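The structure under discussion appears below in the form of structure tokens.
Each reported figure results from applying straightforward, stated rules to the coordinates on display, with no laboratory input. As the structure is a computational prediction, the values presented were derived from the model and not from experiment. In this analysis, Cβ positions are derived from the backbone assuming ideal geometry, glycine residues included, and neighbour counts consider all displayed protein chains.
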Amino acid sequence: MSRVNMALALILIACALSLINAQHHARKNFVELERLKKEARTLDEEWGQLRLEQSTWAGSARIETMARTQLGLITPSLDRIRMEGASPP
Amino acid sequence: MNYHSKKLLKLHLAPWRMATVGGLIMAGLAVVGGRAFYLQSLHTDYLQGKGNAVANRNMTLPAHRGMVSDRNGEPLAISTPVESLWARTAETRFSEAELTRLADILGMAPDKLKLRLQTRKKGELSVQRPLTPDQAARVAAMGVPGLSLRREYRRYYPAADVAAHVVGFTNVDDLGQEGVERAYQDWLAGKSGERHVLRDRRGNMIRDLEPVKIAQMGGNLALSLDMRIQYLAHRELAAAVTANQAKGGGIVVIDAKTGEILALSNLPVFNPNNRRNYDPQRVRNRAVIDTFEPGSTMKPFTAAAVLERGLFTPQSVINTSDGLIVGNKRIRDEHPHPSLTVTEVIQKSSNIGAVKMAMTLTPEQFCDTLHRAGFGQKPGSGFPGEASGHVRNAKTLKPVEQATMAYGHGISVSLLQLARAYMAFANDGEVVPLSFLRREPQEVIGERVFSPQVARSVRSMMETVTHEGGTAVRAQVPGYRVAGKTGTAHKLIDGQYSADRYIASFVGMAPASDPRFIVAVMIDEPMAGAYFGGSVAGPVFAQVMAGALRSFGLPPDAPLEPARITQPTLPNPIQTHKAEATKNGRPA
């Protein structure tokens with residue numbers, strides 16, 4: 001009888017310890033999850049900023065100004081454009 | 001073992017001592033018990049509140065406004081977090097060196113910054129907003145007490161003035177004020193969420209105490225605009241307005257197959273990123289909310305009205321030699337012709353011809369055709385404040401009014417409405433509902449306005465407008481067949497037609513064999529000499545249409561010059577180019 005009791009007491013202690021362990025892990029994971037969520041949010045915001053930056057650099061107006069001033073390109077007037085027929089495949 | 005049985009251990013205590021000690025212990029227990037009872041059941045709310053205040057936190061989860069993009073995902077409006085610098089002036093302690101350093105980071109004069117921080121004000125004061133990310137990091141690194149960075153969302157418009165009228169803008173509270181930002185406010189605005197969490201001693205979140213109310217991020221919105229075409233339209237319109245010393249102008253590009261608005265621009269315009277010099281006149285999206293008298297761009301509808309009732313055929317000859325008097329008004333033509341066919345009336349834009357056609361109709365018939373084409377009704381694009389224009393009531397229509405309406409006076413339309421109505425000619429008689437949002441092709445259900453035969457014959461009449469002898473030779477696009485109609489209307493100023501102020505317009509479509517795009521151009525008060533629709537608005541149309549056709553990669557439908565196809569060998573390309581250039585100064 002007392003052996004059974006001893007065994008049960010040991011099992012009980014083991015369970016209690018593992019519960020504490022599990023709780024601890026759960027909290028650690030939760031903290032990690034929160035950190036990653038925050039990181040995701042930061043990255044998301046950074047992505048938005050980069051998109052904004054990209055569209056600012058790649059804006060048609062800016063490219064056109066650069067093409068005209070730095071590269072000396074011009075838009076051909078319509079009477080200087082000729083359409084060629086695509087050769088049938 | 002029984003202690004009482006051992007004589008040695010037997011104690012003889014006075015009973016009062018037993019009673020005193022026992023009583024004291026009992027009293028102590030009672031006090032502890034009473035205290036426990038008091039704390040546990042009578043004082044719980046207060047204590048639990050205190051405890052929760054330390055460990056529990058209610059957090060709002062911020063939701064930011066959705067992004068607006070063009071049809072290809074190019075961003076047009078983005079909310080992005082920016083840091084702004086705030087100071088609790090009562091708490092800030094600066095050394096002189098720190099102040100100089102801060103001023104240097106912020107790019108302010110040290111004296112000015114000092115003055116700013118000296119303003120004794122309760123609470124917080126905004127020092128600078130917004131900061132660049134770099135500035136924010138450097139200020140945070142200084143760690144001055146009383147200074148704090150605060151994160152706020154700011155909306156940016158990367159396309160700036162190019163798409164300003166369509167996209168609109170938001171106010172400081174992130175509420176849409178104009179344009180799409182206003183029309184789709186509910187969709188774009190996010191709904192902030194909430195969570196209730198337990199925190200440990202270090203402030204880490206440990207677990208959620210209640211189910212999280214997830215923040216609903218604002219929805220993204222893909223507009224129907226195509227930024228390539230939008231930019232081209234905006235640039236060409238601006239160039240034409242400057243070259244013609246005009247007061248303003250507007251341009252609308254519509255996909256005739258789907259009803260999507262690919263580009264819409266007006267001048268004057270504003271920059272939504274910088275609203276310091278806010279001027280309501282510049283913010284008006286004139287192409288949608290303002291109306292004008294269209295002039296001759298109405299004539300195709302007059303022609304369609306008589307064709308669909310079998311009163312004329314495209315070849316019917318109309319005598320246009322004599323001046324025509326309706327009521328007490330004399331109708332005249334800018335360039336008189338003795339007689340014209342119906343096609344030539346459109347090609348050469350004869351007022352007399354148009355009036356003679358319109359007068360064969362009853363007022364009800366004429367107005368019915370105009371109503372079916374959508375005049376006098378909102379075009380239904382969903383844009384806030386859309387104008388419906390004005391068509392006179394058929395019951396009270398006087399003959400002179402019917403006559404002037406035949407060539408587009410005494411009727412008011414918006415540019416968007418005009419472009420929409422031309423969809424009937426482009427789409428073999430069907431008008432597809434307009435949309436500022438990108439659409440899937442299967443969503444489209446059109447509404448029949450004209451029969452396919454009528455639409456096609458009016459379209460081929462309008463094709464002659466850009467041919468030699470038409471009013472808009474300059475609206476030609478190399479390689480494509482173009483159909484369109486010019487309009488030159490005297491401006492109505494204080495109820496009088498001005499003699500020297502005009503509205504020049506051109507509405508056209510291409511490729512004429514199966515039109516894909518409709519471009520409507522309107523130039524308000526060109527003052528540099530030229531004022532005809534064909535010469536002022538026509539070239540803008542041609543440039544924008546050429547760019548749109550090219551960027552969508554539509555195959556040319558005009559017959560190619562035969563010499564190029566039958567050439568057996570390729571000669572030196574440079575010489576050929578020169579020869580072509582001299583031979584074809586202008587394409588026919």
For chain A, what does the helix formula give at 222 nm: sum of -39500 (n - 2.57) over DSSP H segments with n ≥ 4, over the residue count, nearest 500 deg cm²/dmol?
-27000 deg cm²/dmol
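Determine the shape class of the stretch B:227-551: with a ≥ b ≥ c the square roots of the Cα gyration tensor eigenvalues, call it rounded for a/c under 1.5, and otherwise prolate if a/b is greater than b/c, oblate otherwise. Mind showing how you got there, number by number?
Values: a/c = 1.45, a/b = 1.29, b/c = 1.12.
It is rounded, given that a/c, with a ≥ b ≥ c, falls under 1.5.
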In whole Å, how far is the Cα centre of the stretch B:425-460 from that of the stretch B:123-199?
42 Å
At what distance in nm do the modelled label points of B:V54 and A:E34 sit from each other, each positioned 7 Å from its Cα along Cα→Cβ?
1.7 nm
Additional length obtainable on full extension of the chain from B:I325 to B:E468, 0.36 nm per residue less Cα span
48.4 nm
Run down the aspartates and glutamates and flag those whose C-alpha is under 20 Å from the C-alpha of B:K398, throwing out any fewer than 8 positions away in its chain.
B:E293, B:E364, B:D368
Tell me, how many Å apart are the Cα centres for the stretch A:18-63 and for the stretch B:249-290?
36 Å
Under the rule of at least 5 residues apart or a separate chain, name every residue whose amide H is placed under 5 Å from the amide H of B:T170.
B:Q177
Amide H neighbours of B:H64 under 5 Å, counting only residues 5+ apart in sequence or on other chains, H built in-plane at 1.01 Å?
B:G218
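Would you mind classifying the protein assembly as shown by shape? Square roots of the alpha carbon gyration tensor eigenvalues, ordered a ≥ b ≥ c; an a/c under 1.5 is rounded, otherwise it is prolate if a/b is larger than b/c and oblate if not.
Judged from the Cα gyration tensor, the protein assembly as shown comes out prolate (a/c at least 1.5, a/b above b/c).
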In debye, nearest 20: dipole of the stretch B:83-150 around its Cα centre with unit charges on the Cβ of K, R (+) and D, E (-)?
320 debye
In the stretch B:83-150, taking the dipole from +1 charges on Lys and Arg beta carbons and -1 charges on Asp and Glu beta carbons about the Cα centre, the listed residue (B:A103, B:T132, B:L115) farthest towards the positive end is B:L115
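I need to check one value: relative contact order of chain B, counting alpha carbon pairs closer than 8 Å and at least 6 residues apart, in percent.
Numbers: 1187 pairs, mean separation 75.7, N = 588.
The normalised contact order for chain B reaches 13 percent.
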When each of B:K348/B:K395; B:K247/B:K491; B:K257/B:K378 is checked by Cα-Cα distance, pairs over 24 Å:
B:K348/B:K395
Return the average number of partner chain Cβ atoms within 10 angstrom of each residue Cβ along peptide B:59-71.
1
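Using just the helices of chain B, give the 222 nm mean residue ellipticity in deg cm²/dmol: DSSP H runs with n ≥ 4 each add -39,500 (n - 2.57), and the total is spread over all residues, rounded to 500.
Details: 22 runs with 205 residues, N = 588.
It lands at -10000 deg cm²/dmol.
Please quote Rg/Rh for the stretch B:83-150 to two decimal places, taking the Kirkwood radius as Rh and restricting both calculations to Cα atoms.
Details: Rg = 10.7 Å, Rh = 11.8 Å.
Ratio of gyration radius to Kirkwood radius: 0.91.
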Amide H of B:T341 versus every other amide H placed in the peptide plane: which residues, excluding those fewer than 5 positions away on the same chain, fall under 5 Å?
B:I318
Distance between the C-alpha centers of the stretch B:483-503 and the stretch B:523-545? Whole Å please.
13 Å
Just to be sure I understand the model, the point goes 7 Å from the Cα along the line to the Cβ. What's the resulting B:L29 to B:K395 distance in nm?
10.1 nm
Could you derive backbone 3J(HN,Hα) for the stretch B:318-332 from the dihedral phi with the Karplus parameters 6.51, -1.76 and 1.60 (θ = phi - 60°), listing whole Hz in sequence and x where the residue is Gly or Pro?
10, 6, 10, 6, 7, x, 10, 10, 10, x, 10, 10, 9, 8, 10
Check: the stretch B:227-551 dipole with +1 on Lys, Arg Cβ and -1 on Asp, Glu Cβ, in debye:
400 debye
So which aspartates and glutamates can B:K191 reach, going by Cα to Cα under 19 Å and dropping same-chain residues fewer than 8 places off?
A:D44, A:E45, B:E152, B:D173, B:D174, B:E181, B:E210
Student exercise, the protein assembly as shown dipole from Lys, Arg, Asp, Glu Cβ charges, in Debye to nearest 20
3340 debye
Normalised contact order of the stretch B:227-551, rounded percent, pairs of Cα under 8 Å and 6 or more residues apart:
23 percent
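What helices in chain B pass both tests, a Cα length along the helix axis of 27 Å or more and a mean Kyte hydropathy of 0.5 or higher, using whole DSSP H runs?
Details: long enough: B:15-37 (32 Å, 1.06).
The answer, listed by residue number, is B:15-37.
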Taking θ as phi - 60°, what are the ³J(HN,Hα) couplings along the stretch B:339-349 by the Karplus curve (6.51, -1.76, 1.60), each to the nearest whole Hz, with x for Gly and Pro?
8, 9, 7, 4, 4, 5, 4, 6, 4, 9, 6
Calc'd 3J(HN,Hα), the stretch A:37-43, phi into Karplus 6.51 cos²θ - 1.76 cosθ + 1.60 (θ = phi - 60°), Hz, glycine/Pro = x, comes to 4, 5, 4, 4, 5, 4, 5
How high is the relative contact order of the stretch B:83-150, in percent, counting Cα pairs under 8 Å that sit 6 or more residues apart?
60 percent
